[in-house]
Every structure is written in structure tokens, then in C-alpha cells.
Amino acid sequence: MKVLGIDIGGSGIKGAPVETKSGELLEERFRLPTPQPSTPDAVAEVVGEVARHFKWHGPVGCGFPAVVRHGVTMTAANVDQGWIGTDAAKLLAKATDCQVVVLNDADAAGIAEMKFGVGERRKGLVLIVTIGTGLGTALFIDGRLVPNMELGHIELRGEDAEVWASDAARQRKELSWEAWAPYFNEYLVTLERLIWPDLIILGGGASKKFDLFSPALTVKAEVLPAEMRNEAGIVGAALAFRKLHGK
Ligand code: BGC
């Protein structure tokens, strides 16, 4: 099945048609900047442009950086507050004139990693943490997603963990990856106290820097960098369409 996968982020909106059987991108990724302010209508317009770029009329799977319950965006940590309570699936279906499934971006990236990446065939409890502007989390039990595990905003030292341990926090504090590592380690140790996963997969842009910060990690779980890098969000969103429609 061919599905247009779209990954909506705080700074960019990326998409590519995906062959869901193999996880391959069928065309080169197309990226447009996320409009600022990132209101629902402005973002929908850009998503429509991405679909038009590929002359797309088929199914669309879309990852979004918020809790998404049955197509409705429930939170808005790094996007315009107007998304709270918006029927994103309906809005984006109208903008693209296609059938659209919307899910949390970390859930989408996790689905791709569990199917075609480092989580392939991994049983037990697997936690994926995506490190970027925000901290995204996705939890899998024997390969099955528990949707909307929103663990990026737990309280850490009296603050939102994301404000303390994300890549955006690292940049704001002007820290090297090595100097940031203890902050992120404290976040992971706190998560481990709560859910004790067998495996933790670290994704997002930071997965490329894994060798620089991983020596500081003290969790007991196995920790691995994600393999799919930039493409996980797109591929996972496409796979989600197939899953949610039972195809
Ligand atoms: C949001 C999550 C999202 C993560 C990564 C967080 O700020 O609350 O829903 O998955 O950022 O984009």
C-alpha cells in the first residue's frame, strides 16, 4: 500500500510517499518550514501544499507534536494553542482532499523503529524517547503501541522535564552533548523508576550524537540509538494509516 507520510514539527513539515510493506520512501522527501504562528489553518495550508507537491490523491498518515486522541489534538506544547481541541484529522482531510489519519509524532516514529529499525522483533516493554525541540515518548508492549504515553512533561527538579533535558534545553544552556548528558540521564533514570522498560530507543536528531552522550547513561535498561533517523516520523505516520484502517 502506498501512503503519503507527513511529519509536522515545530520548525518543518516534511513528507514523502511511502511503500508501507518495505518502509521505503518512493520519492525524495519534501520539506517546507512550519508557519509561525503555527495556527491550525496556517499549518493545514502547508500540509495541503505538501500533498499537492506529490500530486497526491491517496491515503495520508500524519504525525503531530501533541497528544492526538482519535484525530483530535489535545495539547500544544510547541505549537500554537489553537490546536487544543481541534479535529486535526478533519482539518487536514479538507486541506489535502484525502483521507487522513493523525497521530502523535513520537508514536509515529516509534511505529517505524519497531517495524523497520532497531526495535524490529523486540518483545517486552520498549520505550522510545525522541530528543528534539520537545521530548517525545512512545511505549510498546510486545510490539504493540500504547498510544499517547506523554512522558516528556513529567516534573524534574520542579520543572517540566522537556524544559530541562531536551535538545532545545541543551542549546539554550549552550551545552556540549557531553555536558548535557547528565541532565538527560537524570530524566531517563526518573522514567526508569516509573516504568522499567527492557529497552530504551533514543531517536530524534540527537540519535546521531549517541556516542557522545551515551557513556553518561546509568539506567539499567538496554539503551540503543534509533536507526531510522529523519525518516522515522514519515514512515511511521504512513504505517499508522494502514494500521488504523486495518489494511
Ligand atoms: C509534545 C509531545 C511530542 C513531543 C515531540 C512534546 O512537547 O508534548 O506530544 O511528541 O514534544 O515532538
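The values are calculated or read from the model by the stated rules, or taken from the named source; none is laboratory data. Remember, predicted model here, so these are calculated numbers, not experimental data. Ideal geometry is used to build each Cβ from the backbone, glycine not excepted, and the neighbour counts take in all protein chains shown. Ligands, DNA and RNA are stripped out before the accessible areas are found, and what is left, the full protein with its side chains, is counted by its heavy atoms. Shrake-Rupley method; radii C 1.70, N 1.55, O 1.52, S 1.80 Å.
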Completion exercise
Within segment 85-100, residues within 16 Å of the ligand (Cβ to nearest atom) and either in contact with a helix residue (DSSP H, G or I) (Cβ under 6 Å, 6 or more places away or on another chain) or open to solvent by 30 Å² or more (accessible area, probe 1.4 Å) (or both) come out as G85, T86
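Go over the candidates L135, L145, L202 one by one and state the one that is within 15 Å of the ligand (Cβ to nearest atom), out of contact with any Leu (no Cβ under 7 Å at 6 or more places or on another chain), within 19 Å of F116 (Cα to Cα) and open to solvent by less than 30 Å² (accessible area, probe 1.4 Å). Walk me through it before giving the result.
Values: L135 fails: within 19 Å of F116 (Cα to Cα); L145 fails: open to solvent by less than 30 Å² (accessible area, probe 1.4 Å).
Unique residue meeting the criteria: L202.
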Problem - Unmet criterion (only one of (1) within 16 Å of the ligand (Cβ to nearest atom); (2) part of a helix (DSSP H, G or I)) for G63 - result: (2)
Problem - Residue count for segment 117-132, restricted to those that are more than 16 Å from the ligand (Cβ to nearest atom), small (G, A, S) and surrounded by 19 or more Cβ atoms within 10 Å (Cβ to Cβ) - result: 2
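Tell me, yes or no, whether segment 168-178 has at least one residue that is outside any helix (DSSP H, G or I), acidic (D, E) and without any contact (Cβ under 8 Å) to a residue 60 or more places away in the chain.
First, pick out the residues of segment 168-178 that are outside any helix (DSSP H, G or I): 173-176.
Filter once more, so that each one left must be acidic (D, E): 174.
If we keep only those that are without any contact (Cβ under 8 Å) to a residue 60 or more places away in the chain too, we end up with 174.
Yes: one or more hits.
Inside segment 186-199, can you point out the residues that are assigned to a loop (DSSP other than H, G, I, E, B) and either surrounded by 18 or more Cβ atoms within 10 Å (Cβ to Cβ) or of a type in the set (K, R) (or both)? Spell out the reasoning first.
Here is the first cut: in segment 186-199, the ones assigned to a loop (DSSP other than H, G, I, E, B) are 196-198.
Passing the criteria: only P197.
Any residue at all in segment 232-246 that's assigned to a helix (DSSP H, G or I), surrounded by fewer than 19 Cβ atoms within 10 Å (Cβ to Cβ) and without any contact (Cβ under 8 Å) to a residue 60 or more places away in the chain? Steps first, please.
Going through segment 232-246, the residues assigned to a helix (DSSP H, G or I) turn out to be 232-244.
Subset that is surrounded by fewer than 19 Cβ atoms within 10 Å (Cβ to Cβ): 242-244.
From what is left, the residues that are without any contact (Cβ under 8 Å) to a residue 60 or more places away in the chain are none.
So far as segment 232-246 goes, no, none of its residues is assigned to a helix (DSSP H, G or I), surrounded by fewer than 19 Cβ atoms within 10 Å (Cβ to Cβ) and without any contact (Cβ under 8 Å) to a residue 60 or more places away in the chain.
What residue, of S11, S38, is farther than 16 Å from G236 by Cβ, open to solvent by 60 Å² or more (accessible area, probe 1.4 Å) and of a type in the set (S, T, Y)?
Numbers: S38 fails: open to solvent by 60 Å² or more (accessible area, probe 1.4 Å).
Matching residue, one of S11, S38: S11.
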Practice task
Run I195 past the list (1) in contact with a Leu (Cβ under 9 Å, 6 or more places away or on another chain); (2) in contact (Cβ under 8 Å) with a residue 60 or more places away in the chain; (3) closer than 29 Å to V47 by Cα and report the number of the one that doesn't hold.
Solution key: (3)
Practice task
Among residues belonging to segment 46-81 that are β-branched (V, I, T) and under 23 Å from T20 (Cβ atoms), point out the one that is nearest to the chain's Cα centre (by Cα).
Solution key: V68
